[in-house]
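Enquirer: After the C-alpha cells below, expect a handful of questions from me.
Every number here is computed from the coordinates shown, using simple stated rules; none is lab data. Remember, it's a predicted structure, so these values are computed and weren't measured experimentally. Cβ sites come from the backbone with ideal geometry, for glycine too, and all protein chains shown count toward neighbours.
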Amino acid sequence: MRIIQCALISLLLFTTLTSYSQEYPSRPIKIIQPLGVGTPADLFSRAIAQQLSEKFGHAVIVENKVGANGLIGMDACAKAAPDGYTICVPSFSQVSLNPVVYPNIPYEPLKDLAPVVFVGFITSSISVNSTLPALSIKELVELAKAKPESINWSSWGVGSFSHLYMSWLESTTGAKFKHIPFKTIDQALTATLAGETQVFMNTPGLVLPHVKSGKLRILAIAGPKRSPLLDAPTLKEQGYNADFLSWIGVTVPTGTPKDIIQKLNVEMNKAITDSKFVERVLTPASVEAVGGTPEEFGAFMKSDREVATKLAKIAKITFN
C-alpha cells in the first residue's frame, strides 16, 4: 500500500510540474541585469525583454542590480525561485572571473545557475588619446617599453576587462603601463578624453563619436573579426593572439524545469539569429551573435573558467 501511495504522489507531482511548465508563463517575468544601464548586456536585456513580452503576452521587466562587480545581481539570480520567472543576463566577469578572484563569493555559477543560451562575444576596441604618438598596438607597446609606466591605461576597476587586457599585453610583450582604475566606464573614458590617461578600452560603439571627433585614435579591435563600426585591424591581424573575449549569456536558477529552459532557448535563439535583431540591437552593442543550445553554453562556461583562472594569475588579482 505504501509503495502505491508513493507512486501516486510522484505521479501527482510530475503531473503538476508538467502542467505548470506547459502554462509558462502565466505572469510577469523579471530579467536581472548585474551591470549598469547602457552596457552591451543591458542593451540586449531590454531588447529581448520586449520581444519575450510580445511573444508571451506578459510583461518582462529588466531590473539592474549593480554593485561589487556584479556580485549583488548574480547572488539575487542564484537565490531566486527556479520557476522561470527570474532570468539573468551575466557577462564574463560575473560567471568566469568572480569565482576565481573572490574567496567568499556568495554564489557558484557552475552549480547555482543553469545555462539557457550563449548570446555572443563582445567586441572591444583599444584606443588612445590622439596626442599619443602611436598608430598601432606595436607602436603603443614600444612606447611603453621605452618609458615604463609613463603611459596611463584607464579601466573601470581592478579585474575589469580593460585591466585584464593591459596585464595580458604586459605579460606577452614586456611593456609596462601604469594602471589607473576608475569606478565607472564613463569616468575612465572622460579621463582619456582629457589626456589624464592615454589608453582606453571598450566597445567600438562607445568610442566611435570620439574617434570621429578626432579626440581618440583607434589602434585595434579585440574580437573575432573587424568591427563594422570602426575601420581598424584586429589584435590577431597585428600579431597579438589574445585567446579570450568578453561575452554575454543567459542563465536561470538551477532547478528551473528543463522544458522552460528549452522554451526560453528557442525564443532567444530566434532573436539572436534574426538579421533585423542583430542589425538593430547586437551590432550597435558590439556583440557578435553566437546562439546555440543550453548544453553548448554550459560547456563554454566551464572552459571559460579555466581561461579566467589564467588571466587572474597574470594580472595578480585577488580580493579579500
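Enquirer: Can you tell me how the range 211-309 classifies by the Cα gyration tensor, rounded, prolate or oblate, using a/c under 1.5 as the rounded cut? Walk me through the numbers before you get to the answer.
Expert: Values: a/c = 3.00, a/b = 1.64, b/c = 1.83.
The shape class here is oblate.
Enquirer: Could you please tell me the mean projected area of the C-alpha convex hull for the range 172-222, averaged over all directions and given in square nanometres to one decimal? Don't jump to the answer; show the numbers that get you there.
Expert: Values: hull surface 16.4 nm².
With the hull built on Cα positions only, its mean projection is 4.1 nm².
Enquirer: Quick one: Cα centre-to-centre distance for the range 99-159 and the range 223-254, in angstrom?
Expert: Taking the Cα centre of the range 223-254 as reference, the centre of the range 99-159 is 11 Å away.
Enquirer: What's the FRET efficiency of Glu196 with Asp231 using the Cβ-Cβ distance as r and R₀ = 30 Å, to the nearest 0.05? Provide the component values of the computation, followed by the final result.
Expert: On the way: r = 27 Å, r/R0 = 0.91.
Working from the Cβ atoms, E equals 0.65.
Enquirer: Hey, another quick one. Rounded to the nearest 20 debye, what is the charge dipole size of the chain about its Cα centre when +1 sits on each Lys and Arg Cβ and -1 on each Asp and Glu Cβ?
Expert: Numbers: 30 positive and 26 negative charges, 69 e Å.
That gives the chain a dipole magnitude of about 340 debye.
Enquirer: Now, a different point. Sequence gap at least 6, Cα distance under 8 Å: using those rules, report the relative contact order of the range 62-180 to the nearest whole percent.
Expert: Numbers: 90 pairs, mean separation 21.3, N = 119.
This gives 18 percent for the range 62-180.
Enquirer: Same structure, new question: Can you tell me how the range 159-200 classifies by the Cα gyration tensor, rounded, prolate or oblate, using a/c under 1.5 as the rounded cut?
Expert: Values: a/c = 2.99, a/b = 1.67, b/c = 1.79.
Oblate is the answer for the range 159-200, as a/c is 1.5 or above yet b/c matches or exceeds a/b.
Enquirer: For Thr173 and Val37, compute 0.36 nm times the residue count separating them, minus their Cα-Cα distance, and round to one decimal in nm.
Expert: Numbers: separation 136, 0.36 × 136 = 48.96 nm, distance 3.48 nm.
Gain in length upon complete extension: 45.5 nm.
Enquirer: Nearest 10 degrees is fine. How inclined is helix 40-56 to the longest principal axis of the chain, computing both from alpha carbons?
Expert: Approximately 30 degrees, to the nearest ten.
Enquirer: Any idea how far apart Ala299 and Lys276 come out in nm if each label point goes 7 Å out from Cα toward Cβ?
Expert: About 3.3 nm, to one decimal.
Enquirer: Loop-only check: which trypsin sites (Lys or Arg not before Pro) in the range 186-259 are DSSP coil with at most 14 other Cβ within 10 angstrom? Could the numbers behind the result be given before it?
Expert: Details: sites: Lys212, Lys215, Arg217, Lys225, Arg226, Lys236, Lys258; in loops: Lys215, Lys225, Arg226.
Within the range 186-259, the qualifying trypsin sites (Lys or Arg not before Pro) (loop, at most 14 other Cβ atoms within 10 Å) are Lys225.
Enquirer: Let me ask something else about it. Between Ala68 and Ile314, 0.36 nm times their residue separation minus their Cα-Cα distance comes to what? Don't skip to the end; give the middle numbers.
Expert: Values: separation 246, 0.36 × 246 = 88.56 nm, distance 2.15 nm.
Fully extending the segment from Ala68 to Ile314 adds 86.4 nm.
Enquirer: Which percent, nearest 5, of DSSP beta bridges in the chain are antiparallel? The partial results should precede the final answer.
Expert: Details: 23 of 37 bridges.
If I count the DSSP bridges inside the chain, around 60 percent turn out antiparallel.
Enquirer: Taking 8 Å as the Cα distance limit and 6 or more residues as the minimum spacing, I'd like the relative contact order of the chain as a percentage.
Expert: Details: 585 pairs, mean separation 83.6, N = 320.
After rounding, I find 26 percent.
Enquirer: Tell me the angle of helix 137-146 to the major Cα principal axis of the chain, expressed in degrees between 0 and 90 and rounded to the nearest ten.
Expert: 60 degrees
Enquirer: May I ask you to compute the full-extension gain from Ser213 to Lys138, defined as 0.36 nm times their residue separation minus their alpha-carbon distance, rounded to one decimal in nm? Don't skip to the answer; put the middle values down first.
Expert: Details: separation 75, 0.36 × 75 = 27.00 nm, distance 2.39 nm.
The span from Ser213 to Lys138 would gain 24.6 nm if fully extended.
Enquirer: For the Cα atoms of the chain, what angle does the longest principal axis make with the long axis of helix 185-194, in degrees from 0 to 90, nearest 10?
Expert: Relative to the chain, helix 185-194 is tipped by roughly 10 degrees.
Enquirer: Give, as a single signed number, the net charge of other residues whose beta carbon lies under 15 Å from the beta carbon of Glu306, with Lys and Arg counted +1 and Asp and Glu -1.
Expert: Numbers: positive: Lys302, Arg305, Lys310, Lys313; negative: Asp243, Asp304.
Every neighbour counted, the sum reads +2.
Enquirer: Same structure, new question: Normalised by the empirical 2.2 N^0.38 Å for globular proteins, what value does the Cα Rg of the chain take? Numbers along the way, then the final one.
Expert: Working: Rg = 21.6 Å, N = 320, 2.2 N^0.38 = 19.7 Å.
The value comes to 1.09.
Enquirer: Where the only charges are on Cβ atoms (+1 Lys, Arg; -1 Asp, Glu), what is the dipole of the range 13-132 about its Cα centre, to the nearest 20 debye?
Expert: Its charge dipole is roughly 80 debye.
Enquirer: Cα-Cα over 31 Å: which of Lys263/Lys316; Lys145/Lys302; Lys225/Lys302; Lys212/Lys316; Lys138/Lys215? Present the calculation step by step, with values, prior to reporting the outcome.
Expert: Values: Lys263/Lys316 41 Å; Lys145/Lys302 35 Å; Lys225/Lys302 24 Å; Lys212/Lys316 36 Å; Lys138/Lys215 20 Å.
Over 31 Å apart, Cα to Cα: Lys263/Lys316; Lys145/Lys302; Lys212/Lys316.
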